[in-house]
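K.L.:
Quick one: structure below, then a few questions.
The values are calculated or read from the model by the stated rules, or taken from the named source; none is laboratory data. Predicted, not measured: the structure shown is a model, and the values here were computed from it. Note that each Cβ is placed from the backbone with ideal geometry, even for glycine, and that neighbours are counted across all protein chains shown. Each accessible area value is taken on the protein alone, full model and side chains, heavy atoms only, with ligands, DNA and RNA left out. Shrake-Rupley method; radii C 1.70, N 1.55, O 1.52, S 1.80 Å.
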Amino acid sequence: QNVYLSIGPDGFEIRAASQSEVDDYFDAIRPDTPQTPIRDLSHTTIEPLSEIGFEDAPAFGSKSANLGELRSFLPAVTPDGFAVPFYFYDEFMKFNGFYEEAEAMMADTTFQTDPATREAVLEAFRKRIKKFGVLPYWMSTALSDVQETFPASLSIRFRSSTNNEDLEGFNGAGLYDSYSHHPDEGHFAKSAKQVWAGLWTYRAFEEREFWRIDHATAAMGILIHPNYSAEEANGVGVTKNPYLPGPGWVGHYVNVQVGENLITNPEPGSLPDEFTIADLSGASSFEIQYIRHSNLIPEGETVMSRAQALRLRGYMATLHSRFRSLYNGNSSFAMEIEFKITAAGEIIIKQARPWVD
């Protein structure tokens, strides 16, 4: 059921919500005018992450650009890899006539009015992109050159980096899928097409439609870096304490789960460690306060040690300062990160985006 929840200083009200209340709520938060995401197609080559930064987001997507920025000042805790620009997606779509297909698909009245039809047609469109899409020779060669830089036995991660996620006011978390390219899967083209097709998932399309984001100018970049195996933990952190967000309560907030069970897409029934780290006047006085504990580890244990948590806090403080300056953030600004702890106990920050309250 749809639920109405109102929390006030003296209590709360919770009850079933009427359809008119639901409609009014969504009408109130939906933009009145169409939004056209920025898409810079002037960057025509795949770049090492070390060669791009924050300012390159319009051409590579904020996910790739922010990770490139991270490598410039925290290289030891960020993966090394490459960024494929929007230009490749745009040329691939034009080369195969997929833009025309998408335009005809979206113009169909049944597609517009029937969600079940829309979901089925989008699925069929993605299958055509992956099965029948052909890369121009120059594009295939560029991906081959990148593939040859990695050991043949290594599994490589292909991650979405669009121009409509990881933005201030809209993070789009979980809308677009990532894939692992395994050694026996041949040319990188296979995984590239999977990521490009992912721009057209039902949930991503519906989200863009609700926020009136122009589907025709939405673009997909790709972030490529080595995969990690036998991970000790995965987590998400925020560079402020959302429970006590005032200026007098400097702190950080972390959710972390054991193993490869992602916080962003958790396995059913799993609960992570959830805690805050408060700055009580000096590094020796940091206090870790647990809100709940993971249900996947023995009672009394924690996913991260105190030393690991404080090391992560130091990285988060550093990147907060850098990105707050880049985004011209105010006192409530914060960054959200995704991180992992490798089998060797190393902390790797794999994503950084503005926190959306």
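K.L.:
Taking the condition of being surrounded by fewer than 19 Cβ atoms within 10 Å (Cβ to Cβ) and either closer than 19 Å to residue 142 by Cα or in contact with a Pro (Cβ under 6 Å, 6 or more places away or on another chain) (or both), how many residues in the stretch 161-172 meet it? Explain how you work it out, then say what you get.
P.N.:
So the first thing to find is which residues in the stretch 161-172 are surrounded by fewer than 19 Cβ atoms within 10 Å (Cβ to Cβ), and the list is 167-171.
If we keep only those that are either closer than 19 Å to residue 142 by Cα or in contact with a Pro (Cβ under 6 Å, 6 or more places away or on another chain) (or both) too, we end up with 168.
Within the stretch 161-172, residues that are surrounded by fewer than 19 Cβ atoms within 10 Å (Cβ to Cβ) and either closer than 19 Å to residue 142 by Cα or in contact with a Pro (Cβ under 6 Å, 6 or more places away or on another chain) (or both) number 1.
K.L.:
List the number of the failed condition for residue 65; all other conditions in (1) surrounded by 13 or more Cβ atoms within 10 Å (Cβ to Cβ); (2) over 30 Å from residue 136 (Cα atoms) hold.
P.N.:
(2)
K.L.:
Quick check on the stretch 318-333: of everything there that is of a type in the set (Gly, Ala, Ser) and at pLDDT 95 or above, which residue is farthest from residue 261 (Cα to Cα)?
P.N.:
Top of the filtered list is 325.
K.L.:
Given the stretch 45-111, what helices (runs of 4 or more DSSP H) lie entirely inside it while holding 2 or more residues that are under 18 Å from residue 352 (Cβ atoms)?
P.N.:
Fully inside the stretch 45-111 and qualifying: 57-60, 62-73.
K.L.:
Could you run through the stretch 282-329 and say how many residues are in a loop (DSSP other than H, G, I, E, B) and of a type outside the set (A, V, I, L, M)?
P.N.:
Total meeting the criteria: 14.
K.L.:
To continue, here is another question. Taking the condition in contact with a Gly (Cβ under 7 Å, 6 or more places away or on another chain) and either hydrophobic (A, V, I, L, M, F, W, C) or over 15 Å from residue 164 (Cα atoms) (or both), does residue 185 pass?
P.N.:
Spelling it out, it is not the case that residue 185 is in contact with a Gly (Cβ under 7 Å, 6 or more places away or on another chain) and either hydrophobic (A, V, I, L, M, F, W, C) or over 15 Å from residue 164 (Cα atoms) (or both).
Conditions tested, residue by residue: (1) open to solvent by less than 30 Å² (accessible area, probe 1.4 Å); (2) in contact with a Ser or Thr (Cβ under 6 Å, 6 or more places away or on another chain); (3) free of Cβ contacts under 8 Å to residues at least 24 places away in the same chain; (4) closer than 27 Å to residue 295 by Cβ.
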| residue | (1), (2), (3), (4) |
| --- | --- |
| 154 | no, no, no, no |
| 159 | yes, yes, no, no |
| 181 | yes, yes, no, no |
| 215 | yes, no, no, no |
| 256 | yes, no, no, yes |
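K.L.:
Another one. Note down all Cβ pairs under 6 Å where the first residue falls in the stretch 21-46 and is of a type in the set (S, T, N, Q) and at pLDDT below 95, the second is surrounded by 13 or more Cβ atoms within 10 Å (Cβ to Cβ) and not in a helix (DSSP H, G or I), and they're at least six residues apart or on different chains.
P.N.:
The qualifying pairs are 35/212; 35/213; 36/214; 36/217.
K.L.:
Still on this structure: Does residue 28 satisfy the criteria of being in a helix (DSSP H, G or I) and either surrounded by 14 or more Cβ atoms within 10 Å (Cβ to Cβ) or among the β-branched types (Val, Ile, Thr) (or both)? Steps first, please.
P.N.:
Details: in a helix (DSSP H, G or I): yes; either surrounded by 14 or more Cβ atoms within 10 Å (Cβ to Cβ) or among the β-branched types (Val, Ile, Thr) (or both): no.
No.
K.L.:
I would also like to ask the following. If we scan the stretch 309-317, do we find a residue that is of a type in the set (Lys, Arg), modelled with pLDDT of 90 or more, buried (at least 18 other Cβ atoms within 10 Å of the Cβ) and farther than 16 Å from residue 231 by Cα?
P.N.:
yes
K.L.:
Considering 149, 217, which residue is polar (S, T, N, Q), in a loop (DSSP other than H, G, I, E, B) and within 20 Å of the chain's Cα centre (by Cα)?
P.N.:
217
K.L.:
What residue, among those in the stretch 2-17 that are in contact with a strand residue (DSSP E or B) (Cβ under 8 Å, 6 or more places away or on another chain) and not in a strand (DSSP E or B), is most open to solvent (accessible area, probe 1.4 Å)?
P.N.:
Top of the filtered list is 2.
Residues are listed down the side, and each one gets a yes or a no for (1) buried (at least 20 other Cβ atoms within 10 Å of the Cβ); (2) within 17 Å of residue 220 (Cα to Cα); (3) in contact (Cβ under 8 Å) with a residue 12 or more places away in the chain; (4) hydrophobic (A, V, I, L, M, F, W, C):
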{"position": "148", "(1), (2), (3), (4)": "no, no, no, no"}
{"position": "174", "(1), (2), (3), (4)": "no, yes, yes, no"}
{"position": "177", "(1), (2), (3), (4)": "no, yes, yes, no"}
{"position": "188", "(1), (2), (3), (4)": "yes, yes, yes, yes"}
{"position": "197", "(1), (2), (3), (4)": "yes, yes, yes, yes"}
